[in-house]
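Note sheet for the following structure.
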Amino acid sequence: MKQLAIIITSLLFSILFYDRSIGLNLSIFSLITIAFLVFYNPIKFKNKTILLHTFAYVLTAIFVFINHSYLSVIANCAAFFTLVGTVSETSSSIYVQWFNGIYTTIAGIIQRNFDKNEDTQKVNWKKDIDLAHWAKLIGIPLVFVIVFILLYKNGNPIFNDLISQINFDFINIQWVLFTVLGYYLFNNISKPIQVEPATSLDLKTENELYKSDHFSEEKLKKEKQLGTTLLGLLNLLLVFYIITDVMSLSSIETTKASELSNHVHSGINTLIASIIIAIGIILYFFRGNLNFYAENRTLKNIAFSWIILNIILIILITIKNQIYITSFGLTYKRIGVHIYILLTFIGLVTTFLKVLKIKNLAFLFRRNTQIAFVVLIVCSMINWDATITKYNLTKAKAYDVDYLIKLTDRNAVILYNLKDNIVISQENKNRIETKYNNYMLHLSQRDWQEFNYEIVANLEKLDKTKD
(Lines give C-alpha, C1' and ligand atoms only; values in the text may rest on other atoms or scores of the structure.)
Protein backbone atom coordinates (compact mmCIF):
# COMPACT_ATOMS: atom_id res chain seq x y z
CA MET A 1 0.00 0.00 0.00
CA LYS A 2 2.78 2.40 0.94
CA GLN A 3 4.78 1.51 -2.19
CA LEU A 4 1.64 2.22 -4.20
CA ALA A 5 1.44 5.67 -2.60
CA ILE A 6 5.03 6.39 -3.69
CA ILE A 7 4.28 5.26 -7.25
CA ILE A 8 1.15 7.44 -7.45
CA THR A 9 2.95 10.51 -6.09
CA SER A 10 5.87 9.97 -8.49
CA LEU A 11 3.43 9.91 -11.42
CA LEU A 12 1.80 13.10 -10.14
CA PHE A 13 5.28 14.62 -9.82
CA SER A 14 5.89 14.06 -13.54
CA ILE A 15 2.44 15.33 -14.53
CA LEU A 16 3.02 18.50 -12.54
CA PHE A 17 6.61 19.35 -13.42
CA TYR A 18 7.77 17.58 -16.57
CA ASP A 19 8.49 20.19 -19.25
CA ARG A 20 6.58 22.84 -17.23
CA SER A 21 7.63 26.08 -15.58
CA ILE A 22 6.85 26.88 -11.94
CA GLY A 23 3.30 27.94 -11.12
CA LEU A 24 0.27 26.21 -9.66
CA ASN A 25 2.18 22.92 -9.87
CA LEU A 26 4.50 23.85 -6.98
CA SER A 27 1.51 24.70 -4.78
CA ILE A 28 -0.16 21.38 -5.60
CA PHE A 29 3.15 19.57 -5.02
CA SER A 30 3.34 21.17 -1.56
CA LEU A 31 -0.10 19.83 -0.65
CA ILE A 32 0.78 16.38 -2.03
CA THR A 33 4.01 16.39 0.00
CA ILE A 34 2.13 17.23 3.19
CA ALA A 35 -0.47 14.51 2.55
CA PHE A 36 2.33 12.04 1.78
CA LEU A 37 4.25 12.85 4.96
CA VAL A 38 1.06 12.59 7.04
CA PHE A 39 0.30 9.22 5.46
CA TYR A 40 3.74 7.84 6.36
CA ASN A 41 4.13 9.64 9.70
CA PRO A 42 0.61 10.13 11.14
CA ILE A 43 1.63 10.18 14.81
CA LYS A 44 4.28 12.85 14.33
CA PHE A 45 1.78 15.28 12.80
CA LYS A 46 0.09 15.61 16.17
CA ASN A 47 3.11 17.63 17.30
CA LYS A 48 2.54 21.43 17.41
CA THR A 49 5.98 22.23 16.01
CA ILE A 50 5.38 20.07 12.94
CA LEU A 51 1.94 21.60 12.45
CA LEU A 52 3.48 25.09 12.64
CA HIS A 53 6.07 24.24 9.98
CA THR A 54 3.33 22.62 7.89
CA PHE A 55 1.40 25.89 8.02
CA ALA A 56 4.55 27.80 6.99
CA TYR A 57 5.02 25.41 4.05
CA VAL A 58 1.42 25.90 2.88
CA LEU A 59 1.84 29.66 3.28
CA THR A 60 4.91 29.72 1.02
CA ALA A 61 3.04 27.63 -1.55
CA ILE A 62 0.29 30.26 -1.62
CA PHE A 63 2.92 32.99 -2.11
CA VAL A 64 4.39 31.06 -5.04
CA PHE A 65 0.97 31.05 -6.71
CA ILE A 66 0.29 34.73 -5.97
CA ASN A 67 3.71 36.31 -6.54
CA HIS A 68 5.40 33.75 -8.77
CA SER A 69 8.81 35.15 -7.80
CA TYR A 70 12.21 33.54 -7.34
CA LEU A 71 12.17 34.59 -3.69
CA SER A 72 8.84 32.85 -3.05
CA VAL A 73 10.16 29.67 -4.71
CA ILE A 74 13.31 29.81 -2.53
CA ALA A 75 11.13 30.31 0.57
CA ASN A 76 8.98 27.33 -0.43
CA CYS A 77 12.06 25.12 -0.88
CA ALA A 78 13.43 26.27 2.49
CA ALA A 79 10.07 25.50 4.12
CA PHE A 80 10.07 22.05 2.44
CA PHE A 81 13.49 21.14 3.87
CA THR A 82 12.46 22.56 7.25
CA LEU A 83 9.29 20.45 7.35
CA VAL A 84 11.07 17.25 6.34
CA GLY A 85 13.81 17.95 8.89
CA THR A 86 11.23 18.69 11.59
CA VAL A 87 9.53 15.34 10.95
CA SER A 88 12.91 13.65 11.46
CA GLU A 89 13.38 15.39 14.86
CA THR A 90 10.99 18.02 16.19
CA SER A 91 13.19 19.27 19.04
CA SER A 92 16.33 20.03 17.02
CA SER A 93 17.45 23.53 16.05
CA ILE A 94 16.16 24.90 12.76
CA TYR A 95 19.59 24.77 11.09
CA VAL A 96 19.87 21.08 12.03
CA GLN A 97 16.37 20.56 10.62
CA TRP A 98 17.55 22.12 7.36
CA PHE A 99 20.54 19.79 7.33
CA ASN A 100 18.38 16.73 8.05
CA GLY A 101 15.80 17.82 5.47
CA ILE A 102 18.35 18.34 2.69
CA TYR A 103 20.20 15.11 3.48
CA THR A 104 16.95 13.11 3.63
CA THR A 105 15.84 14.51 0.27
CA ILE A 106 19.14 13.62 -1.38
CA ALA A 107 20.05 10.31 0.25
CA GLY A 108 17.24 9.18 2.55
CA ILE A 109 16.66 5.70 1.12
CA ILE A 110 20.40 5.04 0.79
CA GLN A 111 20.98 5.95 4.43
CA ARG A 112 18.06 3.82 5.62
CA ASN A 113 19.29 0.78 3.70
CA PHE A 114 22.79 1.07 5.17
CA ASP A 115 21.67 2.00 8.67
CA LYS A 116 22.02 -0.96 11.03
CA ASN A 117 20.04 0.67 13.82
CA GLU A 118 17.07 -1.58 14.58
CA ASP A 119 14.93 1.42 15.49
CA THR A 120 15.25 2.86 12.01
CA GLN A 121 12.40 1.86 9.74
CA LYS A 122 13.73 0.38 6.51
CA VAL A 123 12.08 -0.26 3.19
CA ASN A 124 11.15 -3.95 3.21
CA TRP A 125 10.90 -4.77 -0.46
CA LYS A 126 10.04 -8.44 0.03
CA LYS A 127 7.24 -7.56 2.43
CA ASP A 128 5.77 -4.64 0.53
CA ILE A 129 6.19 -6.02 -3.01
CA ASP A 130 7.25 -9.50 -4.14
CA LEU A 131 9.62 -8.36 -6.89
CA ALA A 132 10.44 -11.86 -8.13
CA HIS A 133 6.76 -12.71 -8.53
CA TRP A 134 6.01 -9.47 -10.39
CA ALA A 135 9.06 -9.92 -12.61
CA LYS A 136 7.81 -13.38 -13.60
CA LEU A 137 4.22 -12.21 -13.95
CA ILE A 138 5.13 -9.38 -16.31
CA GLY A 139 8.40 -10.49 -17.90
CA ILE A 140 7.65 -14.11 -18.94
CA PRO A 141 4.29 -13.43 -20.65
CA LEU A 142 5.76 -10.31 -22.32
CA VAL A 143 8.67 -12.28 -23.79
CA PHE A 144 6.40 -15.00 -25.20
CA VAL A 145 3.90 -12.46 -26.58
CA ILE A 146 6.73 -10.69 -28.46
CA VAL A 147 8.06 -14.01 -29.83
CA PHE A 148 4.64 -15.10 -31.10
CA ILE A 149 3.95 -11.67 -32.60
CA LEU A 150 7.16 -12.01 -34.65
CA LEU A 151 6.08 -15.52 -35.77
CA TYR A 152 2.53 -14.48 -36.68
CA LYS A 153 3.80 -11.47 -38.67
CA ASN A 154 5.41 -13.81 -41.17
CA GLY A 155 2.31 -15.96 -41.48
CA ASN A 156 -0.42 -13.35 -42.10
CA PRO A 157 0.03 -10.18 -44.25
CA ILE A 158 -3.01 -8.42 -42.71
CA PHE A 159 -1.75 -9.13 -39.18
CA ASN A 160 1.69 -7.91 -40.28
CA ASP A 161 0.20 -4.60 -41.52
CA LEU A 162 -1.70 -4.06 -38.27
CA ILE A 163 1.39 -4.70 -36.12
CA SER A 164 3.49 -2.41 -38.32
CA GLN A 165 1.08 0.45 -37.65
CA ILE A 166 1.70 0.31 -33.90
CA ASN A 167 3.70 3.39 -32.96
CA PHE A 168 5.71 3.43 -29.75
CA ASP A 169 6.66 7.10 -30.07
CA PHE A 170 4.26 7.83 -27.22
CA ILE A 171 6.82 6.36 -24.84
CA ASN A 172 8.87 9.31 -23.63
CA ILE A 173 12.13 8.14 -22.05
CA GLN A 174 12.72 11.57 -20.47
CA TRP A 175 9.27 11.49 -18.86
CA VAL A 176 9.98 8.00 -17.52
CA LEU A 177 13.30 9.14 -16.05
CA PHE A 178 11.57 12.18 -14.54
CA THR A 179 9.02 9.86 -12.95
CA VAL A 180 11.84 7.73 -11.54
CA LEU A 181 13.29 10.93 -10.06
CA GLY A 182 9.91 11.62 -8.42
CA TYR A 183 9.82 8.06 -7.08
CA TYR A 184 13.31 8.49 -5.63
CA LEU A 185 12.36 11.84 -4.04
CA PHE A 186 9.20 10.58 -2.34
CA ASN A 187 10.89 7.35 -1.30
CA ASN A 188 13.58 9.42 0.39
CA ILE A 189 11.21 11.64 2.36
CA SER A 190 8.77 8.89 3.32
CA LYS A 191 10.73 8.33 6.54
CA PRO A 192 12.93 11.40 7.23
CA ILE A 193 16.23 10.49 8.85
CA GLN A 194 18.49 12.13 11.40
CA VAL A 195 22.08 12.92 10.57
CA GLU A 196 24.33 11.84 13.42
CA PRO A 197 26.11 12.97 15.50
CA ALA A 198 24.89 16.47 14.51
CA THR A 199 21.29 15.88 15.68
CA SER A 200 22.07 14.21 19.02
CA LEU A 201 24.77 16.80 19.77
CA ASP A 202 22.31 19.60 19.06
CA LEU A 203 19.69 18.03 21.35
CA LYS A 204 22.23 17.79 24.17
CA THR A 205 23.33 21.42 23.79
CA GLU A 206 21.34 23.80 25.97
CA ASN A 207 20.94 27.54 25.62
CA GLU A 208 22.13 28.28 29.14
CA LEU A 209 25.69 29.20 30.06
CA TYR A 210 27.04 27.54 33.21
CA LYS A 211 29.83 28.43 35.60
CA SER A 212 32.91 26.28 35.03
CA ASP A 213 34.98 24.66 37.76
CA HIS A 214 38.07 26.77 37.01
CA PHE A 215 36.95 30.07 38.52
CA SER A 216 39.85 32.48 39.16
CA GLU A 217 38.78 35.80 40.69
CA GLU A 218 42.16 37.38 39.90
CA LYS A 219 42.00 36.49 36.20
CA LEU A 220 38.39 37.61 35.93
CA LYS A 221 39.23 40.92 37.60
CA LYS A 222 41.95 41.60 35.02
CA GLU A 223 39.67 40.55 32.17
CA LYS A 224 36.92 42.82 33.50
CA GLN A 225 39.36 45.76 33.64
CA LEU A 226 40.44 45.11 30.04
CA GLY A 227 36.83 44.83 28.85
CA THR A 228 35.75 47.95 30.70
CA THR A 229 38.64 50.00 29.29
CA LEU A 230 38.20 48.73 25.73
CA LEU A 231 34.42 49.04 25.56
CA GLY A 232 34.50 52.37 27.38
CA LEU A 233 36.87 53.87 24.81
CA LEU A 234 34.86 52.39 21.93
CA ASN A 235 31.69 53.89 23.41
CA LEU A 236 33.29 57.35 23.47
CA LEU A 237 34.51 56.92 19.90
CA LEU A 238 31.09 55.78 18.70
CA VAL A 239 29.37 58.71 20.46
CA PHE A 240 31.71 61.10 18.64
CA TYR A 241 31.01 59.34 15.32
CA ILE A 242 27.24 59.49 15.84
CA ILE A 243 27.38 63.24 16.62
CA THR A 244 29.31 63.93 13.42
CA ASP A 245 26.99 61.62 11.47
CA VAL A 246 23.94 63.57 12.69
CA MET A 247 25.65 66.79 11.60
CA SER A 248 26.39 65.37 8.16
CA LEU A 249 22.81 64.10 7.86
CA SER A 250 21.47 67.66 7.99
CA SER A 251 23.78 68.75 5.18
CA ILE A 252 22.96 66.00 2.67
CA GLU A 253 22.06 67.30 -0.79
CA THR A 254 18.94 65.29 -1.68
CA THR A 255 19.01 66.38 -5.32
CA LYS A 256 22.29 64.54 -5.95
CA ALA A 257 21.91 60.78 -6.23
CA SER A 258 25.68 60.21 -6.12
CA GLU A 259 26.00 62.05 -2.78
CA LEU A 260 23.12 60.15 -1.22
CA SER A 261 24.49 56.87 -2.53
CA ASN A 262 27.90 57.65 -1.06
CA HIS A 263 26.38 58.50 2.34
CA VAL A 264 24.32 55.29 2.43
CA HIS A 265 26.99 52.91 1.18
CA SER A 266 29.77 54.33 3.34
CA GLY A 267 27.37 54.18 6.30
CA ILE A 268 26.57 50.55 5.57
CA ASN A 269 30.26 49.65 5.38
CA THR A 270 30.78 51.35 8.74
CA LEU A 271 27.74 49.55 10.13
CA ILE A 272 28.97 46.14 8.96
CA ALA A 273 32.39 46.59 10.54
CA SER A 274 30.96 48.13 13.71
CA ILE A 275 28.34 45.43 14.30
CA ILE A 276 30.74 42.56 13.65
CA ILE A 277 33.37 44.02 15.96
CA ALA A 278 30.77 44.92 18.61
CA ILE A 279 29.21 41.47 18.72
CA GLY A 280 32.63 39.79 18.55
CA ILE A 281 34.01 41.81 21.48
CA ILE A 282 30.92 41.27 23.61
CA LEU A 283 30.86 37.54 22.91
CA TYR A 284 34.54 37.28 23.80
CA PHE A 285 34.24 38.96 27.19
CA PHE A 286 30.96 37.23 28.08
CA ARG A 287 31.94 33.78 26.84
CA GLY A 288 32.33 32.14 30.25
CA ASN A 289 32.90 32.78 33.94
CA LEU A 290 32.92 36.57 33.62
CA ASN A 291 29.12 36.29 33.42
CA PHE A 292 29.14 35.01 37.02
CA TYR A 293 31.74 37.43 38.38
CA ALA A 294 30.20 39.48 41.21
CA GLU A 295 31.82 42.75 40.09
CA ASN A 296 30.87 42.61 36.39
CA ARG A 297 27.98 45.10 36.61
CA THR A 298 30.04 48.02 35.22
CA LEU A 299 31.25 45.96 32.28
CA LYS A 300 27.71 44.78 31.53
CA ASN A 301 26.36 48.33 31.57
CA ILE A 302 29.12 49.49 29.21
CA ALA A 303 28.34 46.53 26.91
CA PHE A 304 24.64 47.43 26.94
CA SER A 305 25.57 51.05 26.14
CA TRP A 306 27.68 49.84 23.21
CA ILE A 307 24.72 47.85 21.85
CA ILE A 308 22.36 50.83 22.24
CA LEU A 309 24.80 53.14 20.46
CA ASN A 310 25.01 50.66 17.57
CA ILE A 311 21.22 50.64 17.41
CA ILE A 312 21.34 54.46 17.14
CA LEU A 313 23.83 54.01 14.31
CA ILE A 314 21.37 51.65 12.63
CA ILE A 315 18.60 54.26 12.92
CA LEU A 316 20.81 56.88 11.25
CA ILE A 317 21.60 54.54 8.36
CA THR A 318 17.88 53.75 8.03
CA ILE A 319 17.07 57.47 7.80
CA LYS A 320 19.73 57.98 5.11
CA ASN A 321 18.48 55.04 3.09
CA GLN A 322 14.88 56.22 3.38
CA ILE A 323 15.88 59.72 2.19
CA TYR A 324 17.57 58.02 -0.77
CA ILE A 325 14.39 56.01 -1.51
CA THR A 326 12.09 59.04 -1.17
CA SER A 327 14.25 61.07 -3.52
CA PHE A 328 15.12 58.51 -6.19
CA GLY A 329 12.74 55.59 -5.69
CA LEU A 330 13.00 51.96 -4.67
CA THR A 331 15.52 49.48 -6.04
CA TYR A 332 16.40 45.98 -4.95
CA LYS A 333 19.67 47.22 -3.45
CA ARG A 334 17.90 49.88 -1.37
CA ILE A 335 15.34 47.33 -0.18
CA GLY A 336 18.24 44.99 0.61
CA VAL A 337 19.80 47.70 2.78
CA HIS A 338 16.60 47.95 4.84
CA ILE A 339 16.43 44.17 5.23
CA TYR A 340 20.09 44.02 6.24
CA ILE A 341 19.51 46.80 8.77
CA LEU A 342 16.59 44.82 10.22
CA LEU A 343 18.70 41.68 10.55
CA THR A 344 21.58 43.55 12.20
CA PHE A 345 19.12 45.14 14.62
CA ILE A 346 17.80 41.70 15.49
CA GLY A 347 21.38 40.47 15.93
CA LEU A 348 22.07 43.26 18.41
CA VAL A 349 18.88 42.55 20.35
CA THR A 350 19.67 38.83 20.63
CA THR A 351 23.21 39.70 21.74
CA PHE A 352 21.70 41.99 24.39
CA LEU A 353 19.51 39.11 25.59
CA LYS A 354 22.48 36.72 25.57
CA VAL A 355 24.39 38.97 27.99
CA LEU A 356 21.34 39.87 30.07
CA LYS A 357 20.09 36.28 30.56
CA ILE A 358 23.52 34.58 30.49
CA LYS A 359 23.00 32.51 27.35
CA ASN A 360 25.58 30.72 25.19
CA LEU A 361 26.48 30.90 21.49
CA ALA A 362 24.00 28.15 20.63
CA PHE A 363 21.21 30.46 21.83
CA LEU A 364 22.37 33.21 19.46
CA PHE A 365 22.69 30.89 16.49
CA ARG A 366 19.32 29.23 17.10
CA ARG A 367 17.35 32.43 17.57
CA ASN A 368 18.97 34.28 14.67
CA THR A 369 18.48 31.42 12.20
CA GLN A 370 14.83 31.08 13.25
CA ILE A 371 14.28 34.81 12.75
CA ALA A 372 16.10 34.77 9.40
CA PHE A 373 13.74 31.98 8.24
CA VAL A 374 10.70 34.03 9.27
CA VAL A 375 12.09 37.12 7.51
CA LEU A 376 12.58 35.05 4.33
CA ILE A 377 8.94 33.90 4.43
CA VAL A 378 7.65 37.43 5.08
CA CYS A 379 9.75 38.85 2.23
CA SER A 380 8.38 36.17 -0.13
CA MET A 381 4.87 37.49 0.53
CA ILE A 382 5.56 40.64 -1.49
CA ASN A 383 5.66 41.12 -5.27
CA TRP A 384 8.74 43.31 -5.12
CA ASP A 385 8.81 44.20 -8.82
CA ALA A 386 5.24 45.48 -8.67
CA THR A 387 5.88 47.25 -5.35
CA ILE A 388 9.00 49.00 -6.69
CA THR A 389 7.18 50.08 -9.85
CA LYS A 390 4.08 51.38 -8.09
CA TYR A 391 6.07 53.28 -5.44
CA ASN A 392 8.47 54.85 -7.92
CA LEU A 393 5.78 56.01 -10.34
CA THR A 394 3.39 57.36 -7.70
CA LYS A 395 5.46 58.54 -4.71
CA ALA A 396 9.15 58.96 -5.57
CA LYS A 397 10.41 62.42 -6.53
CA ALA A 398 12.51 60.93 -9.31
CA TYR A 399 12.80 57.49 -10.89
CA ASP A 400 14.59 55.54 -13.58
CA VAL A 401 12.07 54.28 -16.16
CA ASP A 402 14.70 52.17 -17.89
CA TYR A 403 15.34 50.32 -14.60
CA LEU A 404 11.61 49.62 -14.19
CA ILE A 405 11.26 48.32 -17.75
CA LYS A 406 14.20 45.96 -17.24
CA LEU A 407 12.65 44.36 -14.16
CA THR A 408 10.93 40.99 -14.59
CA ASP A 409 7.50 40.69 -16.21
CA ARG A 410 5.84 40.67 -12.79
CA ASN A 411 5.54 44.47 -13.05
CA ALA A 412 4.30 44.50 -16.66
CA VAL A 413 0.61 45.05 -15.81
CA ILE A 414 1.22 47.90 -13.32
CA LEU A 415 3.74 49.52 -15.65
CA TYR A 416 1.23 49.35 -18.52
CA ASN A 417 -1.62 50.75 -16.40
CA LEU A 418 0.46 53.71 -15.15
CA LYS A 419 2.29 54.59 -18.36
CA ASP A 420 -0.20 57.30 -19.33
CA ASN A 421 -0.03 58.98 -15.90
CA ILE A 422 3.69 59.73 -16.06
CA VAL A 423 5.88 61.89 -18.25
CA ILE A 424 8.08 59.59 -20.34
CA SER A 425 9.21 59.44 -23.94
CA GLN A 426 7.16 57.73 -26.65
CA GLU A 427 9.99 55.25 -27.08
CA ASN A 428 9.66 54.12 -23.46
CA LYS A 429 5.87 53.89 -23.83
CA ASN A 430 6.40 51.61 -26.82
CA ARG A 431 8.83 49.49 -24.81
CA ILE A 432 6.27 49.20 -22.01
CA GLU A 433 3.52 48.16 -24.45
CA THR A 434 5.83 45.58 -26.04
CA LYS A 435 6.73 44.18 -22.62
CA TYR A 436 3.04 44.02 -21.64
CA ASN A 437 1.92 42.35 -24.89
CA ASN A 438 4.71 39.77 -24.71
CA TYR A 439 3.79 39.05 -21.10
CA MET A 440 0.11 38.59 -21.92
CA LEU A 441 1.02 36.31 -24.80
CA HIS A 442 3.29 34.30 -22.53
CA LEU A 443 0.54 33.92 -19.91
CA SER A 444 -2.01 32.84 -22.52
CA GLN A 445 0.26 29.99 -23.66
CA ARG A 446 0.69 28.45 -20.22
CA ASP A 447 -0.75 25.07 -19.29
CA TRP A 448 -2.82 24.52 -16.14
CA GLN A 449 0.27 23.37 -14.20
CA GLU A 450 1.85 26.79 -14.79
CA PHE A 451 -1.13 28.87 -13.66
CA ASN A 452 -0.61 31.68 -11.16
CA TYR A 453 -2.57 34.59 -9.74
CA GLU A 454 -1.63 36.91 -12.63
CA ILE A 455 -3.42 34.61 -15.09
CA VAL A 456 -6.56 34.49 -12.93
CA ALA A 457 -6.55 38.27 -12.46
CA ASN A 458 -6.21 38.96 -16.20
CA LEU A 459 -8.51 36.34 -17.74
CA GLU A 460 -10.44 38.88 -19.81
CA LYS A 461 -7.29 40.43 -21.21
CA LEU A 462 -5.90 36.99 -21.98
CA ASP A 463 -9.07 36.06 -23.91
CA LYS A 464 -8.55 39.14 -26.08
CA THR A 465 -4.93 38.13 -26.63
CA LYS A 466 -6.04 34.71 -27.87
CA ASP A 467 -8.59 36.28 -30.21
Query - the stretch 439-454 residues that are of a type in the set (G, A, S), paired with ones that are surrounded by fewer than 17 Cβ atoms within 10 Å (Cβ to Cβ) (beta carbon under 8 Å, 6 or more apart) - result: S444/T465; S444/K466
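Yes or no, residue by residue, for (1) polar (S, T, N, Q); (2) out of contact with any Phe, Trp or Tyr (no Cβ under 7 Å at 6 or more places or on another chain):
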{"site": "I382", "(1), (2)": "no, yes"}
{"site": "I388", "(1), (2)": "no, yes"}
{"site": "K397", "(1), (2)": "no, yes"}
{"site": "L404", "(1), (2)": "no, yes"}
{"site": "D409", "(1), (2)": "no, no"}
{"site": "R431", "(1), (2)": "no, yes"}
{"site": "N437", "(1), (2)": "yes, yes"}
Query - Pairs where the first residue, in the stretch 16-41, is under 23 Å from Q3 (Cβ atoms) and the second is at pLDDT below 90 and part of a loop (DSSP other than H, G, I, E, B), C-beta under 7 Å, 6+ apart - result: Y40/S190; Y40/K191
Report task. Examine the stretch 82-91 for a residue that is surrounded by 21 or more Cβ atoms within 10 Å (Cβ to Cβ), touching a residue at least 60 places away in the same chain (Cβ under 8 Å), in contact with a Leu (Cβ under 9 Å, 6 or more places away or on another chain) and of a type in the set (S, T, N, Q), and state whether such a residue exists. Result -> no
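Scan the stretch 360-414 for residues that are farther than 30 Å from L201 by Cβ, part of a helix (DSSP H, G or I) and in contact (Cβ under 8 Å) with a residue 60 or more places away in the chain and report the count. Spell out the reasoning first.
Kept after step one, since they are farther than 30 Å from L201 by Cβ, are these residues of the stretch 360-414: 378-414.
Imposing the further condition that a residue be part of a helix (DSSP H, G or I) reduces the set to 378-379, 384-394, 401-405, 409-414.
Filter once more, keeping what is in contact (Cβ under 8 Å) with a residue 60 or more places away in the chain: 379, 384-385, 391-392, 403, 410.
Adding up the residues that qualify gives 7.
Listed residues L237, L230, L201; which is outside any loop (DSSP other than H, G, I, E, B) and either within 34 Å of the chain's Cα centre (by Cα) or at pLDDT below 85 (or both)?
On the way: L237 fails: either within 34 Å of the chain's Cα centre (by Cα) or at pLDDT below 85 (or both); L230 fails: either within 34 Å of the chain's Cα centre (by Cα) or at pLDDT below 85 (or both).
None of the others qualify; the one that does is L201.
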**Report entry** the stretch 314-332 - residue that is polar (S, T, N, Q) and modelled with pLDDT under 90 and, of those, surrounded by the fewest Cβ atoms within 10 Å (Cβ to Cβ)
**Finding:** Q322
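The values are calculated or read from the model by the stated rules, or taken from the named source; none is laboratory data. Keep in mind the model is a prediction, meaning the values are calculated, not measured. Counting neighbours? That spans all protein chains shown, and the Cβs are built from the backbone with ideal geometry, glycine included.
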